[in-house]
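The values are calculated or read from the model by the stated rules, or taken from the named source; none is laboratory data. Computed from a prediction, not measured in an experiment: that's the story for all the values here. With ideal geometry, Cβ positions are generated from the backbone for all residues, glycine too; neighbour counts draw on all protein chains shown. Ligands, DNA and RNA are excluded from the accessible area calculation, which covers all protein heavy atoms including side chains. Shrake-Rupley method; radii C 1.70, N 1.55, O 1.52, S 1.80 Å.
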Amino acid sequence: MSDVTIIGAGVAGLWAARACLAQGLRPRLIDRKGTPGPHGCSWWAGGMLAPFCEGALSEPAVVTHGRRAAALWREVTEVTHKGTLVLAPERDRAELQRFAARTEGHSICDAEAIATLEPDFAPRHRRGLFFAEEAHLNPRQALHDLTQTLAAQGVEIETTFLAPSEIAGPAIDCRGMAASDALPGLRAVRGEMILLRAPEITLTRPIRLLHPRHPLYVVPRGDGIYMLGATQIESASRAKITARSALELLSAAYALDPRFAEGEIIEMGANLRPAFANNLPGIVQRGTTLHLNGLFRHGFLMAPALAEQAAEFLATAATGDLFRED
């Protein structure tokens, strides 16, 4: 017998299950497509645990709650703590200055400091920002490890579907865009990515290249494989990655290091991130259902903290009868 039903087994649903267990609540975890895979936006994430960098365009809550993400993820999967290096072409030096003014937790790097952090960039980049406290992980491995951790505690993902209205008792809806019928303010933001094998390049930490039109992030996945991303398109299309986006990502990677031009494209993909109007994740209560949604581009960064809040609320509701129907 379960105490709460969680709908959706992406990063939010998996963390909701883990957080419920920590509160002494027995979760039932269901997903119509089963274990995490290419069908969900979590599969296509960059895996950067970068609260300070995200603070450049996000509300302070993202920085505050996101600072705990690396420690929480470290309980279930491998997390690499090597910080984030932010760079900009010389012609876009003003972009670097603006980024520095909007963020905290960084040190200013000259060419020598950049060469010390990433020797491959020694002759190419002269100015940058280093966010030493930030980290990154491999999203697909992290989803697998989190799934296995839950299975070891007796929580398996059931391949089935129930709408919140069909569930008797408390529920946490973590379906992302599939929950837009219950959350009219939810919108889709399309994101696209490329996996590239470039073994002649050695990077040890995520790199963000600032550009007024085509910003880029590059995340090392090991074995000479890099994830390229940064597209953020106001569109609900689930079509494959467009030629324009692929050209922009690859051109930006070439500007970062021309050797990326010789890389082997392993995979290209796209999916939809759910976002509220303010681009902040949130928990919305509808009757006996908590909708944990709107994670936008902060899924791996914000899911652990948001799941904790939802589980704590349910634990209180279970003892205080907050869901009682009058």
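Working carefully through the options Glu112, Glu104, find the one that is within 29 Å of Val11 (Cα to Cα), among the charged types (D, E, K, R) and open to solvent by 90 Å² or more (accessible area, probe 1.4 Å). Talk me through it step by step, then tell me what you get.
Numbers: Glu112 fails: within 29 Å of Val11 (Cα to Cα).
Exactly one residue qualifies, and that residue is Glu104.
So which of Leu301, Leu295, Leu290 is open to solvent by less than 40 Å² (accessible area, probe 1.4 Å) and part of a loop (DSSP other than H, G, I, E, B)?
Working: Leu301 fails: part of a loop (DSSP other than H, G, I, E, B); Leu290 fails: part of a loop (DSSP other than H, G, I, E, B).
Answer to the selection: Leu295.
Of all residues in region 244-269, which are aliphatic (A, V, I, L, M) and touching a Ser or Thr at 6+ places or on another chain (Cβ under 8 Å)? Spell out how you get there, then give the answer.
So the first thing to find is which residues in region 244-269 are aliphatic (A, V, I, L, M), and the list is 246-247, 249-250, 252-253, 255-256, 261, 265-266, 268.
Leu249, the sole residue that qualifies.
For Arg213, which of the numbered conditions (1) surrounded by 14 or more Cβ atoms within 10 Å (Cβ to Cβ); (2) assigned to a loop (DSSP other than H, G, I, E, B); (3) among the basic types (Lys, Arg) fails to hold?
So the condition that Arg213 fails would be (1).
Going through Leu195, Leu143, Leu186 one at a time, which residue ends up being at pLDDT 95 or above, open to solvent by less than 10 Å² (accessible area, probe 1.4 Å) and hydrophobic (A, V, I, L, M, F, W, C)? It would help to see each step written out before you state the result.
Working: Leu195 fails: open to solvent by less than 10 Å² (accessible area, probe 1.4 Å); Leu186 fails: open to solvent by less than 10 Å² (accessible area, probe 1.4 Å).
Testing whether each residue is at pLDDT 95 or above, open to solvent by less than 10 Å² (accessible area, probe 1.4 Å) and hydrophobic (A, V, I, L, M, F, W, C) leaves just Leu143.
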